[in-house]
Amino acid sequence: MQKLYGVDLLREPNVNKDLAFTTREREVYKLKGLLPAAIRSQELQVQIIMDNLRSINSDLGKYMFLRDLQDHNKRLFYRVLQVHTRELMPIVYTPIVGLACQKYSLIFKRPRGMFITINDAGRIFEILGNCGEPEIKAIVVTDGERILGLGDLGANGMGIPVGKMALYSAIAGIPPELTLPVTLDVGTNNQSLLDDPYYIGLKQRRATGPHYDQLVDEFMEAVVKRWGRSCLIQFEDFGNKNAFRLLSKYKKDYCTFNDDIQGTASVAVAGMLASFRKTNTKINQHRFLFLGAGEAALGIAHLLTMAMVENGMDEETANSQIWLIDSQGLVTQSRPGIRDDEHKWPFAKNVKNTKDLMEIVNLVQPSCLIGAAAVPGAFNESILKRMAELNKNPIIFALSNPTSKAECTAEQAYQHTDGRCVFASGSPFDNVVYKGQTFVPGQGNNAYIFPGVALAIMACQVHEIVDEVFLVAANALAEQVSKEDLNIGSVYPSLDNINEVSLLLAARVAEWFFNKGYANVRPEPDDKYLFLKSRLYDALYDGSNFTKHVEESHHAWHQHD
């Protein structure tokens, strides 16, 4: 970036500080007369932003306010997120980002990230050069086919990569200039969007087959050609069929993972591992029943198997402890074509098929009931009471997003299990007071996992991301759940500490990368925690930080490249 002065400096969000420019800076950078006399500290600016935000009545209005701040003053945006993570995460990401995606065409103002359409085939390498940053080290990409539990939102799904990238920087300290949100716009099968005059995406039916595959292939190849093999590509909210297929296709040849499959699995398993501490049980003692057998459920199921094997159980026995329910009912061995489904077949059971959840609960007698089907209210009073009859401390995970899709609320779970359940959800719920005890429900938010894992991947210049990484991350997260957290009913650390939680998790994953030979950074740093900490994005204002941005000092990320 060349030196900026005057109005050009105020219009550049990477370096703008608004009223925090000092008297000297106003002279040197020709800002005199362009700003009022007052000089504000960043701390005061954060307070003013929060006062403004809290005065906005609508969730969508709050989301738009923060997006405008990001477009205007990037460091203040990230500082606000860092200081008020617990309050703002539901706005920047789940659940309000779901509403923002539904309204994305209506509220679209300033483009963020890159939109690559099916019509751009043959030019993707060239187009990636238009992103505005010389070096990208991480990409979050979606094709918008399955946005949260909301379905096909096409190009409106860009809100997901944008939100994820904001959390990369706010939570894990990954410099935002190294990240790029991408939407592969291959059309949409959502008729309401095709009929919407405001819709920002391609108005055509979704491309499939070889045409679709060729676009994704070209995109992956173009990323590596432009930014190297260690550029992380995180897949997000692809349809179930494509999600598994593309992960299997690319994971050995690219630095890639699918957050809906692997990130969700990691955070869910972490919550379960913490739950077992609370119930004083071992993982191999449990029987798991999943309502849902899509990306999230299957990812969790496979990682649970890995965790049980790690604890001494053979794989076949571990799989026998896991039961799945999909749209056709209980996943059984007698189902036509089930042997051809490599993801579900290991968990198919030799029993009679049924769709009745109560009948299945009575058959399986699970100790852990996991919802990942986006069927609101599926865990009704009868189901929850039956779980409480079967278990002293039933484990209930209602993981579907957004909140409107949750299988039950925290209040329902505690009420119908007489306060004995261990509960976690995918979206946030308020504290629950039951019989004089205050429960603080844990939110199994992927943000506990993907920012820290990404930090380790990027810093270690990993070329291949194996499944074991997410079990390492799950264990690292579970170990950070304190006795105090468990005593108030939470199986996750406080969001107030998520920056330190993520850094410690990243250090554990980085250590594993070096031990297993996946890291490509030389020489190996002695202290992985300090190695990572030295590379974190600094959202604070100070003279050196400002000068660094304006005068292009080399970033720590390039010292080991």
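Computed quantities for the displayed model
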| quantity | calculated |
| --- | --- |
| Search result, residues across the range 281-334 that are closer than 17 Å to Lys355 by Cα and charged (D, E, K, R) | Asp326 |
| Hits in the range 110-131 (condition: out of contact with any strand residue (DSSP E or B) (no Cβ under 8 Å at 6 or more places or on another chain), under 18 Å from Leu232 (Cα atoms) and either modelled with pLDDT under 95 or not small (Gly, Ala, Ser) (or both)) | Phe125 |
| Count - residues of the range 282-319 that are polar (S, T, N, Q) and free of Cβ contacts under 8 Å to residues at least 24 places away in the same chain | 1 |
| From the options Gly489, Gly426, residue that is surrounded by 23 or more Cβ atoms within 10 Å (Cβ to Cβ) and more than 17 Å from the chain's Cα centre (by Cα) | Gly489 |
| Test result for Ala413, in a helix (DSSP H, G or I), modelled with pLDDT of 95 or more and in contact with a Phe, Trp or Tyr (Cβ under 6 Å, 6 or more places away or on another chain) | yes |
| Residues (charged (D, E, K, R) and surrounded by 15 or more Cβ atoms within 10 Å (Cβ to Cβ)) located in the range 344-384 | Lys344, Lys349 |
| Residue count for the range 294-332, restricted to those that are in contact with a Phe, Trp or Tyr (Cβ under 8 Å, 6 or more places away or on another chain) and either at pLDDT 95 or above or not assigned by TED's automatic domain parsing to the domain that holds Ile360 (or both) | 14 |
| 1 or more residues of a type outside the set (A, V, I, L, M) and in contact with a Lys or Arg (Cβ under 8 Å, 6 or more places away or on another chain): qualifying strands (runs of 3 or more DSSP E) within the range 127-240 | 179-185, 232-235 |
| Residue list for the range 29-58, filter: closer than 24 Å to Thr403 by Cα and either in contact with a Phe, Trp or Tyr (Cβ under 8 Å, 6 or more places away or on another chain) or surrounded by 14 or more Cβ atoms within 10 Å (Cβ to Cβ) (or both) | Met50, Leu53, Ile56 |
| Any hit, the range 337-344, residues being farther than 26 Å from Asp467 by Cα and over 24 Å from the mean Cα position of the chain (by Cα) | yes |
| Complete set of residues in the range 226-252 that are surrounded by fewer than 19 Cβ atoms within 10 Å (Cβ to Cβ), charged (D, E, K, R) and touching a residue at least 24 places away in the same chain (Cβ under 8 Å) | Arg226, Arg229, Lys251, Lys252 |
| Filter result (in a helix (DSSP H, G or I) and in contact with a Phe, Trp or Tyr (Cβ under 6 Å, 6 or more places away or on another chain)) within the range 1-14 | Leu9 |
| Residue match in the range 499-521 (condition: under 30 Å from Val433 (Cα atoms), loosely packed, with under 15 Cβ neighbours inside 10 Å and modelled with pLDDT of 95 or more) | yes |
| Listing of helices (runs of 4 or more DSSP H) fully contained in the range 15-94 that carry 2 or more residues being under 19 Å from Lys3 (Cα atoms), within 24 Å of the chain's Cα centre (by Cα) and not assigned by TED's automatic domain parsing to the domain that holds Phe108 | 74-83 |
| Among (1) under 20 Å from Ser367 (Cβ atoms); (2) outside the structural domain of Lys278 (by TED's automatic domain parsing) - the single one Glu407 does not satisfy | (2) |
| Those residues of the range 404-462 which are at positive phi and among the small types (Gly, Ala, Ser), in sequence order | Gly419, Gly436 |
| Pairs with Cβ under 7 Å, 6+ apart, first in the range 522-548 and of a type in the set (Ser, Thr, Tyr), second modelled with pLDDT under 95 | Ser534/Ala556 |
| Test: residue in the range 426-435 that is among the basic types (Lys, Arg) and either in contact (Cβ under 8 Å) with a residue 24 or more places away in the chain or more than 30 Å from Gly377 (Cβ to Cβ) (or both) | no |
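Residue by residue, here is whether (1) of a type in the set (S, T, N, Q); (2) touching a helix residue (DSSP H, G or I) at 6+ places or on another chain (Cβ under 6 Å) holds:
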position	(1), (2)
Val269	no, yes
Asn280	yes, no
Leu289	no, yes
Ala293	no, no
Ile300	no, yes
Thr305	yes, yes
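The values are calculated or read from the model by the stated rules, or taken from the named source; none is laboratory data. Just so it is clear, the structure is predicted and the values come from calculations on it, not from any experiment. FYI the Cβ positions are ideal-geometry reconstructions off the backbone, even for glycines, and counts take in every protein chain you see.
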